[in-house]
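What follows is calculated from the coordinates using simple rules that are stated; it is not laboratory data. Just so it is clear, the structure is predicted and the values come from calculations on it, not from any experiment. For neighbour counting, all protein chains shown are included, and Cβ atoms are generated from backbone atoms with ideal geometry for every residue, glycine included.
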């Protein structure tokens, strides 16, 4: 019996089939366990389960059935968040790159792809902001490191030269004769050779250079080549006789032809910790679009002026994020901003804070920066920049938790200040300087904290986290935060003006100077415009709720109080602002009625301020655009308020809705009669 | 593919019978409903995990002996809070829009509340307007947005319901 293969007999449709299986040995024998299993099954009652000692229901949930993923590939899909294994490395050429060596063109292209992937993984890993996009950097042992990949650019250059010569030769041979001996045609039809050369070239081009200026030139030429790639699609499609099934827009190649050498099953064991789900590879068109956008985003980053003023930088990052850049672009921005623990790899963070807090240039090298609290503050600023480069959803969560850190640093600094200087006014020069540093920075930290709180709240609108029934409390809280932000900004500007005055020649203030001083700075007026809009919306929404019960029905399990607690928990915990609670919210809004609403139109105030302050921002297109939006919101809401006041109590069919068509976080109120 | 006009079932609200999970005989009914209607594929172990450990939190809706809806939940300690979690909620198409899902979820939440849960949570696709409206009416807020939560690239909201602190018995 030993070593003889035993054939199992299995009956399928009555036909016995012979299957080779594990042979019995000297000490083992095969026995039919079917009757035993049947008896065990019969003995089990409903709901009973036979399992081993280490069986655990929770762990058993990970038992998934493996499905066939779709067969396709694409770097664009990888950038968009899917694993390398299911995208780039579903191409056999990349897995066995050494085997492509005989074909210079394919070989160099694959090397470049591999080197690019490695570079991108490097950038994103260094940036460390990719929490939710985690699949991105996992390589699962796939070969990203190739020997000689550092020379891939010169190999590619050589190939590019060859194809360029081929293209020139094609164009030169007017009678479309055979190419010169040393050039191998890309394909068999001489009439199509020129088109193929062009199509290939635009996919291969590269340029040398260093620095942001050079990068911008590269980007511009890349965009041109992408245009050519798109144009090549028509030619490539016409080359293939087979009519393509399905919508050409869904195809993953320019020609519509199925890609050769790609098989998603190649890496079914490597794709992820759990077996892979079917993913949708981006269509070729969408892939090209992705790269066009990426290049535009990178261009914006490369053209940034590296402004040493933190306030301008923060505005730049916020503005950049409005175009919803993807992970790769955001990682590059972060790496530009924070390198070697310095801003732009150039400015130490204490110097940055020194400037932002309107301290004289001389104090940026003061020894006080070695103080633990100031070191921590530098870290907070660095982390703030990193957080602002992440995707909006993650950013908001991080900012919310971050508020506590800023609050703590403020308390620490204040404590340190009081311990050092107490109530005594010191006379020593250095002590005066230290005091001044503390005072400025404490004020600046407060301003920064309220700015973060403001950003946290408005991101909620962008992420659609608030339902309409919650707008009232959100605008009320926004109003409370904006009031403090405006106050601190105003103080900061006053203190900054003092510093500037002291720097300049000591001359008597002219009447003009005095008048300018007593005017509210434009930046503060800008915030006041926000304040008016927030207040107007709070009151209008409060009146609507108080007068029209249907407007906001009660929920069976909790009240507005619980919702308030949940939405503002992180702000409340950090006491931002102080003395703000659900109770104070109720007190402010409980008496709002249509009659009280009619008494004061905050939107008209907002309109007036926006108009007034425009001239101060004539060189700032971004702020001008924002002011125009604020004017529109104010105007629409002013009209809506009038309608509501006149008709609200009389017309129960009044329908009120909210749109964000004019401004991303100030709603436009739309009133309709049904 | 032509879109057929959706056939709505005819029934009165009192005809719907709501039943707490009663045992193995309910399991295939739940599995069939969920397999049919939801995109996430679950193994039988997933269902068993929920209904074996928290049978009192799962409910089924029947109309004339046919299972038309179900809710599957769990609860437990999570970072120092006792929290309920709604894992699956399904009502077959012809029976939607009539409050059956709301009733199923309400029963489960009430049971969680009575069992001492401080809050209830679940995830829902940002595009699932129906679910967002349903849970919004019950008092859930959108606590977080989860970027590309689902592998098809769609974001999710984490929805949370916070119960008021238990009333003091005077």
Cα gyration tensor category, rounded, prolate or oblate, for the range B:16-160 with a/c compared to 1.5: rounded
Stretched out fully, how many nm does the piece from residue A:661 to residue A:145 gain, at 0.36 nm a residue minus the Cα gap? 180.9 nm
Cα-projected label distance for residue A:116 with residue A:212, points at 7 Å along beta-carbon direction, nm: 2.4 nm
Need the C-alpha centroid separation for the range A:438-492 versus the range B:97-170, integer Å. 28 Å
What ranking do B:90, B:19 get, fewest neighbouring Cβ atoms within 10 angstrom at the top? B:19, B:90
Which whole number gives the average count of other chain Cβ atoms within 10 Å of the Cβ atoms across peptide A:311-317? 0
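Which whole number gives the average, over all residues in B:131-144, of C-beta atoms from other chains lying within 10 Å of the residue C-beta?
On the way: counts 0, 2, 1, 0, 2, 5, 6, 4, 9, 6, 12, 9, 5, 7.
Other-chain Cβ atoms within 10 Å of each residue's Cβ, averaged: 5.
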Normalise the Debye intensity by I(0) for the range A:550-649, one equal point scatterer per Cα, no solvent, then take log10 at q = 0.12, 0.17, 0.19, 0.25 Å⁻¹ and round to two decimals. -0.68, -1.03, -1.05, -1.11
Give me the one-decimal nm value for the distance between modelled label points at residue A:615 and residue A:569, 7 Å along each residue's Cα-to-Cβ direction. 5.0 nm
Hey, how many Å between the Cα centroid of the range A:346-391 and the Cα centroid of the range B:5-28? 63 Å
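Once you sort the root eigenvalues of the Cα gyration tensor of the range B:79-170 as a ≥ b ≥ c, which label holds: rounded (a/c under 1.5), prolate (a/b larger than b/c) or oblate (the other case)? The partial results should precede the final answer.
Values: a/c = 2.36, a/b = 1.35, b/c = 1.75.
Oblate.
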So, R0 is 60 Å and r is the distance between the beta-carbons of residue B:13 and residue A:429; what FRET efficiency does that work out to, to 0.05? 0.15
Other chains near B:15-24: what is the mean number of their Cβ atoms within 10 Å of each residue's Cβ? 1
In nm, to one decimal, how far is the residue A:61 label point from the residue A:599 one, both placed 7 Å along Cα→Cβ? 5.5 nm
Highest average packing first - A:401-411, A:51-61, A:352-362, Cβ atoms within 10 Å: A:352-362, A:401-411, A:51-61
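What order do you get for A:117-124, B:157-164 when each peptide is scored by the mean count of other beta carbon atoms within 10 Å, highest first? Numbers along the way, then the final one.
On the way: A:117-124: 17.0, B:157-164: 21.0.
Ranking the peptides A:117-124, B:157-164 by packing returns B:157-164, A:117-124.
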